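Everything on this sheet refers to the single structure shown next.
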Amino acid sequence: MKKKTILITILFVLFCLPYYGMAQPKALIDDPIFTFEAVPEGVHVSHEFIIKNTGVTLLHIENVLPP
């Protein structure tokens, strides 16, 4: 009985862990680079980056800073 339990545990780990490792979020940015032209001082400019999650779990985006 003990050998069966060990065998079942090993088989469970071998079959489930690879899937668990693949189930991750994945960010896809269509145009990841945008270059601003010359801007006069004091003028506010902005640009939107479209980010898609192509993974299978929730994507969290935190602590976004300019380069």
(request) Would you check which residues across the stretch 29-45 are within 24 Å of the chain's Cα centre (by Cα) and closer than 15 Å to Pro66 by Cβ and list them? (result) Pro32, Ile33, Phe34
(request) Give the residue, chosen from Phe36, Phe15, that is in a loop (DSSP other than H, G, I, E, B) and either modelled with pLDDT under 90 or touching a helix residue (DSSP H, G or I) at 6+ places or on another chain (Cβ under 7 Å) (or both). (result) Phe36
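The values are calculated or read from the model by the stated rules, or taken from the named source; none is laboratory data. Quick caveat: nothing in here was measured; it's all calculated off a predicted structure. Ideal geometry is used to build each Cβ from the backbone, glycine not excepted, and the neighbour counts take in all protein chains shown.
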